[in-house]
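The values are calculated or read from the model by the stated rules, or taken from the named source; none is laboratory data. The structure presented is a predicted model; accordingly, all values stated were derived computationally and were not measured. Reconstructed Cβ throughout: ideal geometry from the backbone, glycine too, with neighbour counts over all protein chains shown. Side chains are part of the model used for accessible areas, which takes the heavy atoms of the whole protein and leaves out ligands, DNA and RNA. Shrake-Rupley method; radii C 1.70, N 1.55, O 1.52, S 1.80 Å.
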Amino acid sequence: MSDFPSYNFAYLDEQTKRMIRRSILKAIATPGYQVPFASREMPMPYGWGTGGVQVTAAILGRDDVLKVIDQGADDTTNAVSIRKFFEKTSGVRTTTSTPEASIIQTRHRIPEAPLREGQVLVYQVPIPEPLRFLEPRETETRRMHALEDYGVMHVKLYEDISRHGHIATSYAYPVKVAGRYVMDPSPTPKFDNPKMNDCPALQLFGAGREKRIYAVPPYTSVISLDFEDHPFERTKFDNVCALCGSTNTFLDEVVMNDEGARMYVCSDTDYCEQHRGDRKETGA
Amino acid sequence: MNVPYQIGAPGFQDPVAQSQATFRHLMDAIAHPALPRAFTSRTASCGPLSANATAVLLTLVDQDTPLWLDQALASSDEVRNFVAFHCGAPLVTDPSRAAFAFFADAQAMSPLTRFALGEPDYPDRSTTIVAQVDCFSSEGPGFSGPGVSGTRRFGFIPAPADFSSQWALNSAGFPLGLDIFLIGSTELAALPRSLRLTEV
Amino acid sequence: MYVAVKGGEKAIDNAHQLLASERRGNPAVPEISTDQIREQMTLAVARVMAEGSLYAPDLAALAIKQARGDLIEAIFLLRAFRTTLPRFGESMPVNTAAMQVRRRVSAVFKDIPGGQVLGPTFDYTHRLLDPRLGQSGDPAPPPRAEGAAPFEAPHVLGLLDREGLIERAPAGPDAGEAQDITRTPLSFPADRQTRLQTLARGDEGFLLALAYSTQRGYGRTHPFAGEIRVGEAELYFMAPELGFEVPLGEIVLTECEMVNQFQGGADEAPRFTRGYGCVFGQSERKAMSMALVDRSLRAAELGESAGAPAQDEEFVMSHCDNVQATGFVEHLKLPHYVDFQAELALVRQLRREWRDAREAPVESTTTRPSKGEAAQ
């Protein structure tokens, strides 16, 4: 039986890291453009964060402090699994605190606490192509991006308006980056879209199965697509968080019993805990 | 730090940590364009290639990246041996086939258009330039673009006399174009193609 | 009381322990060894090696054991291991004409130089469950021809080639020119060697269904099984520092060459065309399916009208990898409650607006286009 090798720091071999790093640099230089990269098989399934994991593994250093969230929470099973993967393969310090982290890998949310310069937010992306559901062919969508021909997207959004009176997209809401590329923000709720604009942190997006990396540099304009007479609207909640009392966060609806009683709590568990602490300290 | 180069001398003493650290400087630099950042590598220099530029070479270049060298570097046996031994990169003389182009002398960069500028469907298929410079200055032309909050003044020495017009041409082709890393002895900075010249 | 999905870490650890115990099954029954799997589940091992893109019978057997017999899971395990291996270079092209043939059949000629060799095959077995296999006991040793020497078995399609009746097999890429699909991301249109690499590790079931669809008229290619051969082929590696080819060992391969019709055109006389399949281990179903799909994907190159799924390069290549497919299908098990919450809010809003619109006075509804929905 063959000997099993011991794995490199952060799992990936150095040649793979170099390849991913080169793609990341290209991605930052062309904000919103999807750079193809030779995505590797990872020890977790495709669709479970392999793109984000490869990006994180390629940038991670021994001094980094890593936070991993899924659905905004640090304690969801896949977040736990990915955090343990990096603890085991790299030994870096991990945290649940958003301000303390130097790298935050996320699936489906942007933290509520504002990000700062020097932080890197790594998104796990299932389908990187914002035009994919309008045009399944890669050869076609590449052409559309090259020609900056986003007509199909505007037609789709306008059809929403004519049918529903407004744009009926609640997550993975398309954005335009630095006035050029239309980009999929990954399946984050559109509530999070405004946080991407002019963000001081670097935002990196990894799609492992689809073999694409893209980026939004710090201080870059990220505009949600809309129409003059139908401007983008952020999802508003009529409720407050039952645990911390926040009125301006994304809330999860928790079904309490068979009669349909519900409560609303922050999806960002770290923010919720901090906010509860703040309330206690100020005697609220 | 100037250690005489010997055949087979190690590139990085700690390849994992040093290439990661070098990469993070490069990533920070290109995420914050035209902003010099402190960077001093512990790597040995290699003939006309400075210690810092050597670190960048080891971090980014390998057998998958055709490499173009300027006159000073291409004529150095030390550099060629080092590239063959440590990177395994194929050397190319046609600049339009290069994934990376290294300049010992940043003044020799023009014209930029001889390098690969990418294709409309694949703008990433472009050359990245790594050029050694003596120093940076905050008195150059004004730049703006992604990664720059407002406008930033930036210059480097030595620069090609026509650099401003070269750069204006490069960024006008966005998303096609090439990206430049400028490597000083204690600092580095980056000019991605998304960076626009606002005032000269 | 609010019960969040806390304690994910403990739950994961417990699940792993449960899984290990389920894999072992009833401890009163002797544990299966990886040697037993390698020797007695050879076709499963072959499939895992083929789609795992790694010729390693021991590791494939281990993967099958670890995966509780789930072959796609085993393929995934092998792939995740393969990706960590250093890449030293490329082997020389395998000379399949020199292969030690175990089995070799051609459907296009009654007899062929070297002969038809039936070999170990299910083909003419009666599919009756054999209760004797339920008990142990070794089968009778197979008959062996007295003094049978290794024989020459030239490719059958070479016979057609000599007469110019079939297109020439294109020369393979030169050393160093083959694009490794595990190192270079796919881009379209892809060339044939890239397609063949992709098909070679593609899912057997998916390729089988596509191949079947071409036989039923979705991109028909009029195929004949020119030759199917299974056997040991020698693998060589050119060591540049030595300057000669070093033998690496033998691997079992299944190769299939299909002969397909071609009408010819103004510039070209009619002649047969080729579809090619080649996989690790004995897997005729996979090799034949691959050859049929390879030929279908050449529709554009050969100037045939292309509209069937099996002729669609992007469709086939983007969806034939079962490790990718299973990951993405199964990722729906991961929590999606944030997006669902956003959708929930939207559907509630849309329903509210729909109700309001229905209840609104007639005048206001006339400003909207309505289709057959009379305002009441």
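Inspection of the range A:237-258 finds no residue satisfying the criterion of being under 21 Å from A:I110 (Cβ atoms), within 14 Å of another protein chain (Cβ to nearest Cβ) and open to solvent by 80 Å² or more (accessible area, probe 1.4 Å). The set of residues in the range C:212-228 that are closer than 23 Å to C:S106 by Cα and either open to solvent by 40 Å² or more (accessible area, probe 1.4 Å) or touching a Pro at 6+ places or on another chain (Cβ under 9 Å) (or both) comprises C:Y212, C:S213, C:T214, C:Q215, C:R216, C:R220, C:H222, C:P223, C:F224. There is no residue in the range A:276-283 that is part of a strand (DSSP E or B), of a type in the set (V, I, T), loosely packed, with under 12 Cβ neighbours inside 10 Å and free of Cβ contacts under 8 Å to residues at least 12 places away in the same chain. Residue count for the range A:167-186 satisfying the condition of being facing chain C (nearest Cβ under 8 Å) and either free of Cβ contacts under 8 Å to residues at least 12 places away in the same chain or over 17 Å from C:V347 (Cα atoms) (or both): 1.
Just checking, does the range A:27-42 include any residue being facing chain C (nearest Cβ under 10 Å), closer than 21 Å to A:S102 by Cβ and of a type in the set (D, E)? No.
Exactly one residue out of C:G205, C:G231 is within 22 Å of the chain's Cα centre (by Cα), small (G, A, S) and surrounded by 21 or more Cβ atoms within 10 Å (Cβ to Cβ): that is C:G231. Residues in the range B:82-127 that are among the β-branched types (V, I, T) and farther than 27 Å from C:P189 by Cα: B:V83, B:T93, B:T113.
Would you mind finding the one in C:G115, C:G89 that is more than 14 Å from chain A (Cβ to nearest Cβ) and over 25 Å from A:V53 (Cβ atoms)? So the residue among C:G115, C:G89 that is more than 14 Å from chain A (Cβ to nearest Cβ) and over 25 Å from A:V53 (Cβ atoms) is C:G115. Of note, B:D134 satisfies the criterion of being under 14 Å from the mean Cα position of the chain (by Cα), modelled with pLDDT of 95 or more, more than 14 Å from every other protein chain (Cβ to nearest Cβ) and open to solvent by 10 Å² or more (accessible area, probe 1.4 Å). Restricting attention to the range A:101-112 and to residues that are of a type outside the set (S, T, N, Q), within 12 Å of another protein chain (Cβ to nearest Cβ) and in a loop (DSSP other than H, G, I, E, B), the residue that is surrounded by the fewest Cβ atoms within 10 Å (Cβ to Cβ) turns out to be A:R109. The residues listed here are C:A310, C:A325; of these, the one that is at pLDDT 95 or above, assigned to a helix (DSSP H, G or I), out of contact with any Pro (no Cβ under 7 Å at 6 or more places or on another chain) and closer than 30 Å to C:R38 by Cα is C:A325.
Residues considered: C:A61, C:A80. Of these, the only one that is in contact (Cβ under 8 Å) with a residue 24 or more places away in the chain and either within 30 Å of A:R209 (Cα to Cα) or of a type outside the set (F, W, Y) (or both) is C:A61. Once the range C:293-306 is narrowed to residues that are assigned to a loop (DSSP other than H, G, I, E, B) and more than 14 Å from chain A (Cβ to nearest Cβ), the residue that is surrounded by the fewest Cβ atoms within 10 Å (Cβ to Cβ) is C:S305. The set of residues in the range A:34-48 being touching a strand residue (DSSP E or B) at 6+ places or on another chain (Cβ under 7 Å) and open to solvent by 10 Å² or more (accessible area, probe 1.4 Å) consists of A:Q34, A:P36.
Within the range C:39-62, the set of residues being surrounded by 24 or more Cβ atoms within 10 Å (Cβ to Cβ), among the small types (G, A, S) and within 22 Å of C:D180 (Cβ to Cβ) comprises C:A50, C:G52, C:A60.
The test for being farther than 24 Å from A:D198 by Cα, among the hydroxyl-bearing types (S, T, Y) and surrounded by 12 or more Cβ atoms within 10 Å (Cβ to Cβ) does not hold for A:Y219. Among the residues of the range C:67-123, just one is touching a Cys at 6+ places or on another chain (Cβ under 9 Å) and assigned to a helix (DSSP H, G or I), namely C:T96. Scanning the range C:188-201 turns up one or more residues that are surrounded by fewer than 16 Cβ atoms within 10 Å (Cβ to Cβ) and within 14 Å of chain A (Cβ to nearest Cβ). Anything in the range C:261-288 that is of a type in the set (G, A, S), within 25 Å of C:R38 (Cβ to Cβ) and outside any loop (DSSP other than H, G, I, E, B)? List them, or say none. Selection gives C:G277, C:A287.
Considered as a group, the residues in the range B:168-188 that are surrounded by fewer than 24 Cβ atoms within 10 Å (Cβ to Cβ) and over 19 Å from B:A99 (Cα atoms) include one that is farthest from the other protein chains (Cβ to nearest Cβ), and that residue is B:S185. Just so you know, in the range A:59-77 the residues that are of a type in the set (A, V, I, L, M) and within 14 Å of chain C (Cβ to nearest Cβ) include one that is surrounded by the fewest Cβ atoms within 10 Å (Cβ to Cβ), and it is A:A73. Just to be sure before I move on: is B:G47 open to solvent by less than 50 Å² (accessible area, probe 1.4 Å), within 14 Å of chain A (Cβ to nearest Cβ) and more than 28 Å from A:P217 (Cβ to Cβ) in the structure I sent? Here the answer is no, as B:G47 does not meet what is asked. Go through the range A:184-201 and give me each residue that's over 12 Å from the mean Cα position of the chain (by Cα) and not polar (S, T, N, Q). If the condition is that a residue be over 12 Å from the mean Cα position of the chain (by Cα) and not polar (S, T, N, Q), then A:F191, A:P194, A:D198, A:C199, A:P200, A:A201 are the ones that fit.
Can you spot a residue in the range A:4-11 that is open to solvent by 10 Å² or more (accessible area, probe 1.4 Å), on the phi < 0 side of the Ramachandran plot, within 9 Å of chain C (Cβ to nearest Cβ) and outside any loop (DSSP other than H, G, I, E, B)? Yes. Within the range A:113-166, being surrounded by 15 or more Cβ atoms within 10 Å (Cβ to Cβ), within 14 Å of chain B (Cβ to nearest Cβ) and among the hydrophobic types (A, V, I, L, M, F, W, C) holds for A:L115, A:V120, A:L121, A:V122, A:L131, A:M144, A:A146.
Yes/no per residue for (1) touching a His at 6+ places or on another chain (Cβ under 9 Å); (2) closer than 20 Å to A:F133 by Cβ:
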residue: A:N193; (1), (2): no, yes
residue: A:L225; (1), (2): yes, yes
residue: A:D229; (1), (2): no, no
residue: A:E233; (1), (2): yes, no
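When the range C:193-222 is filtered for residues that are closer than 29 Å to C:A153 by Cα and in contact with a Lys or Arg (Cβ under 7 Å, 6 or more places away or on another chain), the ones remaining, listed by number, are C:E204, C:L207, C:L208, C:T221.
Does C:Y236 count as in contact with a Pro (Cβ under 8 Å, 6 or more places away or on another chain) and not in a strand (DSSP E or B)? It is false that C:Y236 is in contact with a Pro (Cβ under 8 Å, 6 or more places away or on another chain) and not in a strand (DSSP E or B).
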